[in-house]
1. Under a point spin-label approximation (7 Å from Cα along Cα-to-Cβ), what is the Val90-Ala192 distance to one decimal in nm?
2. Could you work out the relative contact order of the chain, using alpha carbon pairs under 8 angstrom and six or more residues apart, expressed as a whole percent?
3. What does the charge dipole of the range 1-60 about its Cα centre add up to, to the nearest 20 debye, if the Cβ of each Lys and Arg holds +1 and the Cβ of each Asp and Glu holds -1?
4. How many nm is it between the label spots at Glu145 and Glu125, if each spot is 7 Å from the Cα in line with the beta carbon?
5. Testing the spin-label approximation: label points 7 Å from Cα along Cα→Cβ at Glu74 and Lys40. State their distance in nm.
6. Please work out the FRET efficiency for the pair Ile180 and Ala98, using the Cβ-Cβ distance as r and a Förster radius of 35 Å; give the result to the nearest 0.05.
7. With every protein chain kept in the model, how would you rank Glu156, Glu186 by accessible area, 1.4 Å probe, largest at the top?
8. Can you sort Ile26, Ile63 by 1.4 Å-probe accessible area, starting with the largest?
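The values are calculated or read from the model by the stated rules, or taken from the named source; none is laboratory data. Source: prediction; values computed, not measured. Neighbour counts are summed over all protein chains in view; Cβ atoms, including those assigned to glycine, are modelled from backbone coordinates with ideal geometry. Heads up: the accessible areas ignore ligands, DNA and RNA and are worked out on the full protein's heavy atoms, side chains in. Shrake-Rupley method; radii C 1.70, N 1.55, O 1.52, S 1.80 Å.
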Amino acid sequence: MRLILLGPPGAGKGTQSSRLEQKFGIPQLSTGDMLRAAVKAGTPIGLQAKAIMESGGLVSDEIVVGIISARIDEPDCAKGFILDGFPRTVAQAKALDAMLKEKGMKLDAVIELVVDEKALVARMENRVKETLAAGGTVRADDNPEAFAKRLTSYREQTAPVSDYYRSVGELRPLNGMAAIDEVTAEINKALAA
Ligand code: ADP
């Protein structure tokens, strides 16, 4: 099972990916998580990505494509994987096509969580409150300025990725405004179809 989860920041991709991860026993590959780990570890990629991520911009296609290509080759991806936060530009989607072809792999589904943009800022604010209440560390890009930029990056660069998969007949749009369990049920239905 090789899946892509698309949707704006705050759409619930992370929540649904971890459920899919458990159900299918395949890893969730989040470029955001991998980049945050690189920033924390202070690797060369992390050093390049840090300021871009904090401002809400997009890291270069070259970097994320390289990260994903290497990650897919790991043994735990043999049964499949869930891509969360990648591809985020049409160039990344095309690079992914070429990469999968070269590795002799095929995508099974591209699921899009469609969410009303007005709800997203509130979801981010809620996540910040919950994180603070739990004594955790708030993401450096979970603040109004960076979040606004993340939404702009999404609108300008990632929304066309949905159009790309729609044009090749692979996109399965779902209502991401429904309750978490309902969204999970809809995803399962879409995957069984
Ligand atoms: P979000 O909640 O906004 O979807 P992520 O955790 O997926 O956040 O990503 C956080 C940041 O990491 C992005 O704003 C961007 O700077 C960088 N990033 C993650 N994935 C990609 C990607 N595929 N291409 C470019 N930049 C990325």
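1. Taking the two extended label points, one gets 3.6 nm.
2. On the way: 241 pairs, mean separation 63.6, N = 193.
Once normalised by length, the contact order is 33 percent.
3. Details: 7 positive and 3 negative charges, 27 e Å.
That gives a dipole near 120 debye.
4. 1.9
5. About 1.3 nm, to one decimal.
6. Working: r = 35 Å, r/R0 = 0.99.
Result of the calculation: an efficiency of 0.50.
7. Details: Glu156 130, Glu186 75 Å².
Highest to lowest solvent-accessible surface, that is Glu156, Glu186.
8. Ile63, Ile26
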